[in-house]
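Accompanying notes for the structure given below.
Quick note: the coordinates plus some simple rules give every number you see, no bench work behind them. Fair warning: this is a prediction, and the values are worked out from it, not measured in the lab. All Cβ positions, even for glycine, are placed from backbone atoms using ideal geometry, and neighbour counts span all protein chains on display.
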Amino acid sequence: MLEWIDIKDFVIAKHVELEFADGLSVITGETGAGKSIFINALSAVLGNRVDSHAVRHGCDKAEIQASFALDAKHKALDWLKANELDEDDQCLLRRVIPADKSSRAFINGRAVSATVMRELGTLLVDIHGQHEHQSLLKPEVQQTLLDHYGQCRPLANEVKAQFKAWQSAQQTLDTLNTQEQDIKDRLELIDFQLNELQSFAPEEDEWANVEQNHKQLHHAADVQNAAQQALLSMSGSTDTDDAPNALDHINLARHKLESIKEYAPLADNAVNLLNQAETLINEAQQDIDRVIDDSQTDPEQLDNIEARYSLYHHLARKYQTTPEQLFFKLSSLQQERERLTNPEAEKTALQKQIEQCAATYKKQASSLSKARKKAAKVLSKGVSESMQELGMQGGEFDAVLESNSTGASSNGDETVSFKVMTNPGFPAQALSKIASGGELSRISLAIQVLLAEVNTVTSLVFDEVDVGVGGQTAAIVGKLLKKLAAHSQILCITHLPQVAARGDAHYQVVKSSQDDAQAVIEALSFDKRVSEIARMVGGEHITDESLAHAKNLIEAA
């Protein structure tokens, strides 16, 4: 469950820190006070999209932190361990939103992407928005809700994946059957390309050697010239110049030092070092001689390497690849030719794959249909019962499964349609055709409550889902949410005093009237709670009667 949330410089909230407990927590406030700030901040720290416009005016960044308490069996703990983000069973989320760059996300102090944070967020909190009843009219939403209620999503995903594999294999087979002339033309091109590349015969690691030899041969003259000059400088034996060379200088220095060794003991060490230097110079001369020998160029060899080097580049440009990839291009063409010259084998393999995919799909789709029928029956019964409590006496709800007119689909063998009868004696019709705004809102609430009962998350947020109801129905809504809070933490933003009175904890949002406007959310004491509910009952002018009524609502909850 959500233990606490800390919000800094988010929209008009300068600094808000709230602690939550089990049960039903309600959040109230006047219209425009900023109740949605809490929902938006919670949504952001759960990894959902947020941009720099959420940063409070004049601030460099906004920051939101939220801590969740997880029991030993919570799925989020397994997720944290699997992603190596666990930290002594704690779950601390942090979102930093700079005013001038992308936001940053952290889980237990470690940086993650918003996508990873959102994946964890779906295991922690389920947010039901105030406009969900509008999306309830969409067939795809109805099917998703039924699958969620019946816990059919894993099976539905398998059906979708199997249908996709089935269709992909069928499309490949259709392509082979309709492109015989294209295959013939392709084979002619492949044969030409293979002939050219096989004649060239590139080897897997040949290009590196060709490139290295090409560089060496093209710089052979430079190598010889530099080596000859080095040899001249060291020994003078390759030129007629009578200038002293390196060895002459060393011999002269050694002779001078040997004449004073008797009087200067340190000179003996210098003589030894000069002897080593003479040895090293002689070894260097030998290496230079080998460099000169190795750099001798063979005109025919140079022509062959030049031709090979140029052809590598020519074919690489022609086949739109790199010289080192020509070997793999040849292998790829050989494999493609082998496949295209034996299409019947591929067709047979594809046909077998199609049959296997179809059989697996039918088996999975049949299981999905059975699960949906079972879920539809229970959901229909539960929503119909809630409709009676929510002021729609005699109304009936029916989640109907209708066979696909086009046969198999990625969603299974049927479509889901929510139908309702709001007046006894009249036939049930689709939600979009019969339900008014208020009725749709109540039906949506009933479905959300039922879904929440099978939800695996332990914290549920309801953002003014009670819009469009009032009077006795509002009291029933409060009762339903209170019932749900018996096994889940419920956070509810509401404008109904009957719902607010049911809260185990009550928070009020107030917007200051100063020039530097800011939203403040505070936990209410009993007296302040009575005053707030009295305001919700009677408006701005609180009377003794509205206070008494508010107190009665709280005591009767």
Cα-projected label distance for Lys75 with Gln325, points at 7 Å along beta-carbon direction, nm: 4.2
Quick check: residue separation of Ser409 and Lys377 times 0.36 nm, minus the Cα distance between them. What number comes out in nm? 9.2 nm
Computed FRET value (nearest 0.05) for Phe200 with Ser135, which takes r as the C-beta separation and R₀ as 51 Å: 0.25
Packing-based ranking, highest mean first, of 444-450, 536-542 given that Cβ atoms within 10 Å are counted: 444-450, 536-542
For Leu302, Leu431, what's the fewest-to-most ordering of other Cβ within 10 Å of each Cβ? Leu302, Leu431
Filtered hits (lysines, Cα-Cα < 21 Å from Lys362, offset >= 8 within chain) -> Lys160, Lys164, Lys352, Lys370, Lys373, Lys374
So which lysines can Lys551 reach, going by Cα to Cα under 28 Å and dropping same-chain residues fewer than 8 places off? Lys35, Lys479, Lys482, Lys483, Lys511, Lys528
Of the candidate values (i) 1.28; (ii) 0.95; (iii) 1.07, the one computed for Rg/Rh (Cα atoms, Kirkwood Rh) from this structure is (i)
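Sort the following peptides by mean Cβ neighbour count (other Cβ atoms within 10 Å, averaged over residues), highest first: 272-283, 20-31.
Most protected by this proxy first, the peptides run 20-31, 272-283.
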Between Leu266 and Leu311, what FRET efficiency follows from the Cβ-Cβ distance if R0 is 60 Å, with the result rounded to 0.05? 0.40
What share of the DSSP beta bridges in the chain is antiparallel, in percent to the nearest 5? 70
Ordering 264-270, 500-506 by per-residue average of other C-beta atoms within 10 angstrom, highest first, gives 500-506, 264-270
Hz values of 3J(HN,Hα) by residue in segment 56-61 - Karplus curve (6.51, -1.76, 1.60), Gly and Pro given as x: 4, 4, x, 9, 7, 7
Shape of segment 1-142, Cα gyration tensor, a/c cut at 1.5: rounded
Can you bin every Cα-Cα distance in segment 379-462 into 10 Å intervals starting at zero and give me the percent of pairs per bin, rounded to whole numbers? 17, 41, 30, 12, 0
What's the extension gain from Val510 to Gln212 if we count 0.36 nm per residue and subtract their Cα-Cα distance? 99.6 nm
Segment Glu258-His15, length gained on full extension (0.36 nm per residue, minus Cα span): 78.7 nm
Per residue of segment 84-96, what does 6.51 cos²θ - 1.76 cosθ + 1.60 with θ = phi - 60° give for ³J(HN,Hα)? Whole Hz please, x for Gly and Pro, Karplus curve as stated. 6, 10, 6, 8, 6, 6, 8, 9, 10, 10, 9, 10, 10
Taking the number of other C-beta atoms within 10 Å as the exposure measure, put Arg442, Arg290, Arg254, Arg118 in order starting with the fewest. Arg290, Arg118, Arg254, Arg442
Within segment 36-98, which GluC sites (Glu not before Pro) sit in a loop by DSSP and count at most 16 neighbouring Cβ atoms inside 10 Å? Glu84
